[in-house]
Each structure stands twice: as C-alpha cells, then as structure tokens.
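The values are calculated or read from the model by the stated rules, or taken from the named source; none is laboratory data. Values in this document were obtained by computation on a predicted structure and should not be read as measured data. Every residue, glycine as well, gets a Cβ built from its backbone with ideal geometry; the counts of neighbours run over all protein chains shown. With ligands, DNA and RNA removed, areas are computed over all heavy atoms of the protein, side chains included. Shrake-Rupley method; radii C 1.70, N 1.55, O 1.52, S 1.80 Å.
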Protein chains: 2
Amino acid sequence: MTPIDAKTQVCAVIGHPIGHSLSPALHNAAFAALELPLVYVAHDVLPGCVGRAMEGIRALGYRGLSVTIPHKVKAMEVVDQVDPTARAIGCINTVVHEGGCLLGSNSDGRGALNALRQAGCDPTGKNVLVLGSGGAARAIAMTLACEAPPARLEILGVEPDELERLVRDVQQRGQVPAGGARLTRATLCEHLGTADVLMHCSPIGMHPNEDASLVPAEYLRPELLVFDAVYNPRQTRLLRDASAAGCATVEGLEMFLGQAAVQFELWTGVPAPHEVMRRVVEAHL
Amino acid sequence: MTPIDAKTQVCAVIGHPIGHSLSPALHNAAFAALELPLVYVAHDVLPGCVGRAMEGIRALGYRGLSVTIPHKVKAMEVVDQVDPTARAIGCINTVVHEGGCLLGSNSDGRGALNALRQAGCDPTGKNVLVLGSGGAARAIAMTLACEAPPARLEILGVEPDELERLVRDVQQRGQVPAGGARLTRATLCEHLGTADVLMHCSPIGMHPNEDASLVPAEYLRPELLVFDAVYNPRQTRLLRDASAAGCATVEGLEMFLGQAAVQFELWTGVPAPHEVMRRVVEAHL
C-alpha cells in the first residue's frame, strides 16, 4: 500500500463488533491501486458512544466513514446533513466530511441498483417484486422508489408492521405505486407472474442453510431477472434455480461491492477500481 | 507494512499544523519491523477541538496518541490521568488508552535521559547545567529532577519569569538543589567550570544559523558531556566544538528517537526497534 505519512487522509468503518469486517482490506487495496494518499481503518465503537465518535471524526479531520451495524440509525441522527434517499431509508452507512460538515448517505440500495444496471437491467419502469421487509429490503425498495422508480413495486414479507410501514413509505416518499402482502406460496406465485425483476432480500439461503430457497423453482420464468442479497454462498439455491430456469442473475456480492464502490467514489472523487475490489472480496469469501 | 484489517489497532499524532511530522513514517516502520497489528496516522486538529478530539480517541478505541504543538498543555487537561513527571513538566506528549482510560505522560525528557544513558552517562548525582528555560529545557530539567536527580541542577536563561518558575519547580517538585541565573558569558564560564553535563536546550545553532553557538569553544573541557537538543543540523556548531575539545557528545536526534521509542514501548509493551527508527529519521533529515 501507499506509505502513510502526515498528509495521508483517514477513512474508517465504525460498528460493533467490527473484527470481521472486510472493508479495511477492500478500501485499502482500492486506495493503493490508484496510489491515493488515503488509509482506511476499523473502529469498534460501543453503543452509546456514536455521538462522541462522530464528534471525534470531525475534530480529527477524517475524510469519511462507513457505518455498520448497530450504528446506522444513530449515526443518521448525529450527522449535519442527510441525503434524501438515506432519510427515506431511515439510516446511513456512509459519511463524507466536507469542510467541517458531516454528510450522511446510504449506499446499500445504490449498490444493488448499480449491480442491476451492470447486469443490463434498469428497474426504472419495470415491475419489481421484493421479498422481505427488513434492513436490506428497505434500503433497496426506498432507493429504487427514490432514484429508479419502478412501474410498480410489490413487497412480500412476514413481519406485518415492518411490511406495512415499508409499503406506506415507498408510496409516500417515492411516489411509486406499491403494494404489500404476506409472503405465501400463493402470493409468490401471483406476483411472480407479472414481475420483471425479483429482489430477494431475506436471509433464507444463507450459509449454513445453503439448500433453502423461498421461491419454488417452477415459478421462475426465463424473462425474470433474479437478484439475491445473500452473498454467502455466492451461488445461493435461488440463483442456481434461476440460472437453471434461464433467468439472468445478480449475486449479493455485487451489491456489497457496489455499495463500497459508491462510498469510495464519494470520498475520493475518482472512479472505484472495481476489479481490484472484487479480487479482495473473492479472496476472502 | 503489515496489511491493515479490522483488528488493526490505531495510533496517531495530533497537532496543528501536522503535515511535516515524521512520526507516521517512524512508528509505522517500527510496527512493520516487528509485524505488530498497529497503524499510525496523523490528524490535523485545530485549536479549540482538542477536547472533542480526545473524546473521539476514547470512543473510537485508539490505542494511543502522540501530542505535539500546540496541544500539549490542553491535552493534559482533558486526559483521565497524568503521570507525575508530566504533571511536573506541565504538559503531555503521549497518551495511552487503557480500558477506556486515557493516561497522559511526557516522553520528551525521558528521550533525552535515555540518550544520555546510552552514551554512558547517568546524570544522577552529577552537576548538570541547562541552557534555556523553554519547553525542551523544562521537559528535560523536570524529568531529570523527578527521575534521575542530579547533585545540582543549574539553569541559565534569558526569560526571567520562565526561568524563575522552572528553577522553583525543580526545587519544589524534584527536591533537587537548583539555581538559575541570567545567561551571560560570565555565568556560563562560572557554571561550566563545575558542570559534568551540559544540556543545550535553546534554539541557537539550528538551521539556517548553523554557525551560531551559545558556548565559547574555549570554555569546553574534555570531562564535560555535551548534549544539544537541536537536531537540524545533527552536528551543531556546539557539538563540533565539543568534539574538537575532546568532550563526549549526544545529538538532539537521539532525544527525538528516544522520546519516540518511549511512546512505542508504552503502546506496544515491546522494546522499540531503535535501528529501524534511526534509519527512517536519518533518511528524512
């Protein structure tokens, strides 16, 4: 990596716990590849210390931050400005420090959106079906609603309150026709019949339950693009079934890389070296 | 250097301005040489932001800090504990973060003391003459008084109030027989006649005035050990004259390296790699 001297700018991830984060390896490799005078470290910040950590970021002159679990909501409350999409999502995962001002944003949904676009699929004007209503589903649904509005956004979930709130927020803030229903075999079958894009945002299929899938293989039509937010394993049961059915697929790994690339570009102002970042993550998975 | 991952601990220097600090190069080389999982960065902290920076250090879980101009006094006020020597000096240049507690200390005088000892001269019980009463003189005089008490400590200076305060503090806190006088050719000649160790702590002789020296060459006896806090140039006029007179000499570079080694050992708990650190500084000077 580029030698660190007294002019090297500092970025970091804050979270708790943080010891297994790939972000330092990922961003330092990217900084080094472009010989940028930046370094990226990890800080284990306890709940209750986010406000002081953030004041420290400002006083110490950090260039930027990644924010991860469990600090994404609290961090949004203590930065100076929050971009509209992050405000709609309700949490931030990125801070840019610009002239003493801390700007919060959320690159999770943009990571998924960029991954779709790189796969040749712009969801704007399409029928999008989201499975799940938790953090990933919310980031993706609100980002699509705000930045690439689908013709219709249907959300199937199992947590009624969370689902209802997400559908209402998509309708209100994104001004996108949206609906929600309890996730069952029947609702799945119904909505998969008209969907152009399937965004799987539940944890089903994640290691060690690699043979599980929410979606019966026989419902998958080759016209459907299938995205899976799960990235361990990279080829989930859902993606394997989708490939077998002739569908285009997008791995969760692309969303992880995409959100990191968005952060990198906010901090540095230069295009992220995608292949460098991909090699780092592939080496660790 | 050792790759940075999410378990890498962070140390930093805070100061203003900070862009020319050698400390990141010095400490990162030392961490790398011993393959320690630490990284050292520099933060430009504006006056007025030291308290928030220090709270940030705590919340972000830094391992330790170097503190430099103009923050050494303010930093002492905001840490949780201050070691007795640093308290006597009146400022800190080192912070160790231990179990949520910020411990302040001052390694400047210890750096000079260690440099004397490495040159085979323990000042304990000797007659020590200090020239100057500013920050370096104060750190050195108080550290000797607290940790290696001379038989007598004589201080010659040109700032009456600063000089009087330093002499009084050495007498009171260090319980060392001490005296002070205005620095003139006559007082110099008088006290050099009985001194075993001369500690030059004024800026005279520093680049670009490399031919200046406070001490007439004819006053230098071969029994005297001569230390010069100036490190640019390494061989000041005073040290060249002292060598010519047959005196043992200690360069200011040794004090700079010594204070950094003390910090390194406080943060890591392992002996500092002196030769690695020396090569970094020599390469930059």
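Quick check on the range B:69-83. Is at least one of its residues in a helix (DSSP H, G or I) and within 10 Å of chain A (Cβ to nearest Cβ)?
Filtering the range B:69-83 for residues in a helix (DSSP H, G or I) gives B:72-78.
With within 10 Å of chain A (Cβ to nearest Cβ) added as a condition, the list becomes none.
No, that holds for no residue.
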Practice item. Pull up the range A:147-161, narrow it to residues that are part of a strand (DSSP E or B) and farther than 9 Å from A:Gly132 by Cβ, then point me to the one that is least open to solvent (accessible area, probe 1.4 Å). Key: A:Leu153
Exercise for review: Out of B:Gly205, B:Gly125, report the one residue that is at pLDDT 95 or above, over 19 Å from the mean Cα position of the chain (by Cα) and at positive phi.
Suggested key: B:Gly125
Check your understanding: Within the range A:131-139, can one find any residue that is free of Cβ contacts under 8 Å to residues at least 60 places away in the same chain and in a strand (DSSP E or B)?
Key -> no
Point to revise | Candidate set: the range A:41-68, residues that are aliphatic (A, V, I, L, M) and farther than 26 Å from A:Ala29 by Cα; chosen: the one nearest to the other protein chains (Cβ to nearest Cβ) | key: A:Ala59
Review point. In this structure, does A:Glu210 turn out to be open to solvent by 20 Å² or more (accessible area, probe 1.4 Å), in a helix (DSSP H, G or I) and under 22 Å from A:Thr236 (Cα atoms)?
Key: no
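Of the residues B:Arg182, B:Arg173, which single one is under 20 Å from B:Ala136 (Cα atoms) and within 21 Å of the chain's Cα centre (by Cα)? Please lay out each step first, then the result.
Working: B:Arg182 fails: within 21 Å of the chain's Cα centre (by Cα).
Result: B:Arg173 is the single residue among B:Arg182, B:Arg173 that is under 20 Å from B:Ala136 (Cα atoms) and within 21 Å of the chain's Cα centre (by Cα).
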Practice item. Identify all residues within the range A:43-71 that are of a type in the set (A, V, I, L, M, F, W, C), in contact with a strand residue (DSSP E or B) (Cβ under 8 Å, 6 or more places away or on another chain) and surrounded by fewer than 20 Cβ atoms within 10 Å (Cβ to Cβ); write none if there are none. Key: A:Ile69
Exercise for review: For the range A:172-184, indicate whether the set of residues that are crowded, with 16+ Cβ neighbours inside 10 Å, of a type outside the set (Phe, Trp, Tyr) and on the phi > 0 side of the Ramachandran plot is non-empty.
Suggested key: no
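Quick one: is B:Cys121 in contact with a helix residue (DSSP H, G or I) (Cβ under 8 Å, 6 or more places away or on another chain), in a loop (DSSP other than H, G, I, E, B) and either closer than 30 Å to B:Ser213 by Cα or touching a residue at least 60 places away in the same chain (Cβ under 8 Å) (or both)? Talk me through it step by step, then tell me what you get.
Numbers: in contact with a helix residue (DSSP H, G or I) (Cβ under 8 Å, 6 or more places away or on another chain): no; in a loop (DSSP other than H, G, I, E, B): yes; either closer than 30 Å to B:Ser213 by Cα or touching a residue at least 60 places away in the same chain (Cβ under 8 Å) (or both): yes.
No: the conditions fail for B:Cys121.
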**Study point:** helices (runs of 4 or more DSSP H) enclosed by the range A:234-285 - at least 3 residues per element that are touching a Cys at 6+ places or on another chain (Cβ under 6 Å) and either within 24 Å of A:Leu38 (Cβ to Cβ) or modelled with pLDDT under 95 (or both)
**Key:** none
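Do we find that A:Ile18 is assigned to a loop (DSSP other than H, G, I, E, B) and in the same structural domain as A:Ala88 (by TED's automatic domain parsing) in this structure? Working first, answer last.
Working: assigned to a loop (DSSP other than H, G, I, E, B): yes; in the same structural domain as A:Ala88 (by TED's automatic domain parsing): yes.
In short, yes.
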Practice item. Look at the range A:95-118 and say how many of its residues are surrounded by 22 or more Cβ atoms within 10 Å (Cβ to Cβ), hydrophobic (A, V, I, L, M, F, W, C) and under 27 Å from B:His43 (Cβ atoms). Key: 2
**Study point:** First in the range B:258-282 and without any contact (Cβ under 8 Å) to a residue 60 or more places away in the chain, second anywhere and polar (S, T, N, Q) and open to solvent by 70 Å² or more (accessible area, probe 1.4 Å), Cβ under 9 Å, 6 or more apart
**Key:** B:His274/B:Gln118
Practice item. Could you tell me which residue of the range A:109-137 is farthest from A:Leu183 (Cα to Cα), considering only residues that are charged (D, E, K, R) and out of contact with any strand residue (DSSP E or B) (no Cβ under 9 Å at 6 or more places or on another chain)? Key: A:Arg117
Check your understanding: So how many residues does the range A:1-16 have that are more than 7 Å from chain B (Cβ to nearest Cβ), of a type outside the set (A, V, I, L, M) and under 16 Å from B:Val10 (Cβ atoms)?
Key -> 4
Review point. Of B:Val270, B:Val230, which residue is buried (at least 21 other Cβ atoms within 10 Å of the Cβ) and under 30 Å from B:Val96 (Cα atoms)?
Key: B:Val230
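Residues to consider are A:Leu239, A:Leu257, A:Leu253; find the one that is within 19 Å of A:Pro208 (Cα to Cα) and either assigned by TED's automatic domain parsing to the domain that holds A:Ser21 or under 12 Å from the mean Cα position of the chain (by Cα) (or both).
On the way: A:Leu239 fails: either assigned by TED's automatic domain parsing to the domain that holds A:Ser21 or under 12 Å from the mean Cα position of the chain (by Cα) (or both); A:Leu257 fails: within 19 Å of A:Pro208 (Cα to Cα).
The conditions single out A:Leu253.
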Check your understanding: If you take the residues of the range A:24-40 that are open to solvent by less than 20 Å² (accessible area, probe 1.4 Å) and assigned to a helix (DSSP H, G or I), which of them is farthest from the other protein chains (Cβ to nearest Cβ)?
Key -> A:Ala30
Point to revise | Criterion violated by A:Ile92 - all others in (1) assigned to a loop (DSSP other than H, G, I, E, B); (2) open to solvent by less than 10 Å² (accessible area, probe 1.4 Å); (3) touching a residue at least 40 places away in the same chain (Cβ under 8 Å); (4) under 20 Å from A:Met255 (Cα atoms) satisfied | key: (3)
